[in-house]
Amino acid sequence: MSVIVETQRLAIRRLTLDDAAFVWELLNDADFLTFIGDRGVRTVDDAIEYLNQGPLEMYERLGFGLWCVELRVTQTPMGICGLLKREWLDDVDIGFAFLPEFRGKGYAFEASRAVIAHATDVLGIQRLAAIVAPANARSQSLLGRLGMHYRTLVRAPNGDHDVQLFTLGIGET
Ligand SMILES: CC(C)(COP(=O)(O)OP(=O)(O)OC[C@H]1O[C@@H](n2cnc3c(N)ncnc32)[C@H](O)[C@@H]1OP(=O)(O)O)[C@@H](O)C(=O)NCCC(=O)NCCS
């Protein structure tokens, strides 16, 4: 198991193809579909393809990506949290999503803080971004508690709606 960072309650590790069933469940969660989008993952085999072309490819190319967040004591995969480099955004951005039963417990905040610390202290990333749907109040609240600030609306080249861009920079007030 390739652990990136641990916190009091959580282990953040690389996703593997063994996580395909968990990823299938997460990517078909109603809030994931509403607020992040439909990745077209209908079967566990689709999830394997998503993992290969998404997170696993990014680990190989950049050394980071979306990681799996587990409860340390039970090693239960609860969500994903990590770093992405999108072609259309200048900065690396942080992303997160948890299964419904693992929300409202502070896990996303705890994982995100650890990922931000890893990004700045280990990877030397000076500025982080996040993109969020305008209606995604829970995510906006989390970004605010992480010290991130709303900047502007942006739209992905193939997107059909604007998203909010947040940033967090060292020394930013
Ligand atoms: C966005 C998302 C990750 C936020 O998850 P979350 O669990 O609400 O976020 P946090 O980890 O910050 O948890 C905060 C909540 O945990 C509660 N909590 C319980 N125990 C806690 C603890 N030990 N420490 C901190 N907070 C705790 C807080 O009171 C707060 O509750 P509230 O929302 O009722 O006020 C989650 O809603 C999600 O997965 N959504 C679907 C995917 C998505 O939209 N991703 C974001 C795309 S931009």
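The values are calculated or read from the model by the stated rules, or taken from the named source; none is laboratory data. Since this is a predicted model, take the numbers as computed values, not measurements. Backbone-built Cβ (ideal geometry, glycine too); neighbour counts: all protein chains shown.
Things to note:
- Condition met for Ala137 (within 19 Å of Phe35 (Cα to Cα), within 10 Å of the ligand (Cβ to nearest atom), surrounded by 15 or more Cβ atoms within 10 Å (Cβ to Cβ) and of a type in the set (Gly, Ala, Ser)): no
- Filtering the stretch 146-173 to residues that are at pLDDT 95 or above and acidic (Asp, Glu) leaves only Asp162.
- Exactly one residue out of Leu17, Leu27, Leu66 is modelled with pLDDT of 95 or more, in contact with a Leu (Cβ under 7 Å, 6 or more places away or on another chain) and buried (at least 19 other Cβ atoms within 10 Å of the Cβ): that is Leu66.
- Criterion violated by Glu70 - all others in (1) more than 13 Å from the ligand (Cβ to nearest atom); (2) without any contact (Cβ under 8 Å) to a residue 40 or more places away in the chain; (3) under 22 Å from Ile116 (Cα atoms) satisfied: (2)
- Residues located in the stretch 49-74, provided they are assigned to a helix (DSSP H, G or I) and under 15 Å from Lys85 (Cβ atoms): Gln53, Pro55, Leu56, Glu57, Met58, Tyr59, Glu60, Arg61, Leu62
- Given (1) of a type in the set (Gly, Ala, Ser); (2) within 15 Å of the ligand (Cβ to nearest atom); (3) surrounded by fewer than 19 Cβ atoms within 10 Å (Cβ to Cβ); (4) assigned to a helix (DSSP H, G or I), index of the condition Gly37 fails: (4)
- Any hit, the stretch 74-93, residues being within 14 Å of the ligand (Cβ to nearest atom) and farther than 22 Å from Glu6 by Cα: yes
- Any pair with Cβ under 6 angstrom, 6 or more apart, that starts in the stretch 110-128 at a residue that is within 14 Å of Leu10 (Cβ to Cβ) and ends at one that is at pLDDT 95 or above and part of a loop (DSSP other than H, G, I, E, B): Glu110/Thr7; Ser112/Leu146; Ala114/Thr7
- Across the stretch 99-134, the qualifying residues are those that are near the ligand (Cβ under 6 Å from one of its atoms) and on the phi < 0 side of the Ramachandran plot, and the one among them that is surrounded by the most Cβ atoms within 10 Å (Cβ to Cβ) is Ala108.
- Of all residues in the stretch 154-169, those that are under 23 Å from Gly144 (Cβ atoms) and surrounded by 14 or more Cβ atoms within 10 Å (Cβ to Cβ) have Cβ atoms under 9 Å from Cβ atoms of residues that are among the aromatic types (Phe, Trp, Tyr) and modelled with pLDDT of 95 or more, 6 or more apart or on another chain, in Val154/Trp88; Ala156/Trp88; Gln164/Tyr150; Leu165/Tyr150; Phe166/Tyr150; Thr167/Tyr150.
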